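Below: one structure, written as C-alpha cells.
Every number here is computed from the coordinates shown, using simple stated rules; none is lab data. Small disclaimer: the values here were computed from a predicted structure and weren't measured. Using ideal geometry, Cβ is built from the backbone for each residue, glycine included, and neighbour counts are taken over all protein chains shown.
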Amino acid sequence: MKKTTLINLSGMAFRIEEDAYEKLSSYLEAIETQLDIENGDSETINDIESRIAELFASVVHSTDRAVTMSDVEDVIKTIGKPDDFTPQRDDNVSEKKKSDNWKSRRLYRDPNNRIIGGVCSGLGTYFNIDPVIFRILFILGFFSGILLIAYFLLWIIIPKANTIEQHAQMTAGYNQSSQDRRKSGNRNYNRRQYDAKIVKSLKIVLGVIILFFTTIALFALTIAFFVLNFSVVNAESKIYKIWTGELTALFLDTTSTFYAYIGIGLLVFMPLILILYLGLHLVFDFKRGGKLVGLTGFFLWLSGLLFVIFAALNTASQYREHTSISQTFNLQPFDSDTIYIKTSPQTCSYKNLFYLNNLQVTMSDKKIEKDNQITIHKNILKVNGNPTIHINKESENFAITIEKQSYGPNIEKAEEYASKIEYFWTQNNDELLLNSRFSLPENVQVRGQKLKIIIDIPAGKEVVRQ
C-alpha cells in the first residue's frame, strides 16, 4: 500500500499518495514559473488551485479515498499543461484556451448527487438547473411505464462521470470565480456527508412503498392472467364461468394465441418487474447490475411488443381471401296462390356477450352439477348471425338458395370456414319456415362469416312474410 500525506488545497483537506503529491507539486511549480506572479497572476494560481480542489472533491467521496497518480494526471489533462499558461500582459490566448477547456460541457450521470442512477442529477448539471425538476417529472410519469422505460434507457445511454476529467467536462462552462468554486466544492462535499443518512432513509422508505404496491400488482395480474375466469351471477344463483382461452380461441389460431399471450405478458409484467428491481435497489443499495437489468428489461419489453405485432399480423393474414359457397334446393309446389315465409326464433337459451359486425357472441349454459342449492353451469360459447333474405317474385322456379360466405388465409380455408356455417329451414306446404339466425359450431373460429338466403317465387304467387 502506497504512503499518503495530508494536504490543504484551497481550504479543502485531501489525502494524497506521495508520488501523486510530487507530480502535483511539480505541476503547480511549473505553472508558477510560467506565469509572472509579481504582475498580477496570483489570482490565476488561486483559480487553478480552487479548480483542482473542486475536481478532487468530485471523485474523493470520503476520507478513506486518497488522491492517486491517475487522478492527478486527469487533472493535468483537464486543466492543461504548464506551457498552455502565459502571463496576462502578453495576450489572452491561453485564457481563452482555458475557458474553452472548461466550457466543453458534456452530459454524464452524476454519481455524487444521485438518488438512483444519477440521470436526473446529470441532466440538472448539464442544463444548469435544479435536478429536482427532472425528478418530479419522472415521478409524475412513474407508474405510466413510459417514463420508467425512458429513465432506464437514459441510464443505459448516458455514461457515468467516474474520472476527474469526466467531472470537469460535466461541470464545465459555469465561469465561477475561485472563491465561488471553493465554496461550491466545500458545500457539495459537506452536503454529501450531511445528507447521506437522510437520503438513505428516504430511499429505503420509497423502496418499501414501491415493493409493497408492485408486489400486490404483480400478484393480482398473475391471477388475472393465468387463473381468472369471466363470471356472471344471475338472480337464480347460477354461476357462469368462461375460461379466457375459450374466448380468444374464437378469433386467434394457436400460433397467434401463443405469441399474443407471451407479448401481452411481457408488455404488462416487464415494467412492473423493473419497478420491483428499482424498489429492491433503493432498499438494499446494491451497486452493480442496474445497467444490465435495465437493458435486459427493455429488450424483453420490446420483444413483447414485437410478439403482439406478429400475432396481430398473423391474425390479419387469416382474412386475406374471401369466398362464398352456395347450394340451391327446389321447393315443393303448392296449390295456394299465397306462400307464407315465417322466421322462427332461436330455440336454445343464451346470454349475449358482445357483437362483432354482423355476428353475435353468446353464452349458452349446460348444468354439470348441483351443490348446496347452487347450480354450476358449463358455459359454451356460441357465435350467431342474422341472415339476409332476398325474394325474387318473378322467377321461373320455386327454389331456395343458401349462400355461405367467409374469409380465410386462402381460398380452400375460406371455403372450409363457410361450409361449417349451420342453418336450418323447412317447408310445410305453403309455409316456408326459416330460422332467424345462423350459427357456428364449437371450435370454429370467427372469420367474418355471413349467410345470404335467396328465395325464388314463381310469377303470380303472392308472398307474405310473418
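Set the bar at 29 Å for Cα to Cα. Now go through LYS420/LYS461; LYS342/LYS413; LYS2/LYS203; LYS2/LYS81; LYS23/LYS203 and name every pair that lies beyond it. Intermediate results must be reported in sequence, preceding the final value.
Working: LYS420/LYS461 33 Å; LYS342/LYS413 33 Å; LYS2/LYS203 36 Å; LYS2/LYS81 26 Å; LYS23/LYS203 40 Å.
In this structure, LYS420/LYS461; LYS342/LYS413; LYS2/LYS203; LYS23/LYS203 lie more than 29 Å apart at Cα.
Just order 70-82, 390-402 by mean Cβ neighbour count inside 10 Å, highest at the front, would you? Please list the in-between numbers first.
Details: 70-82: 18.9, 390-402: 14.3.
Most protected by this proxy first, the peptides run 70-82, 390-402.
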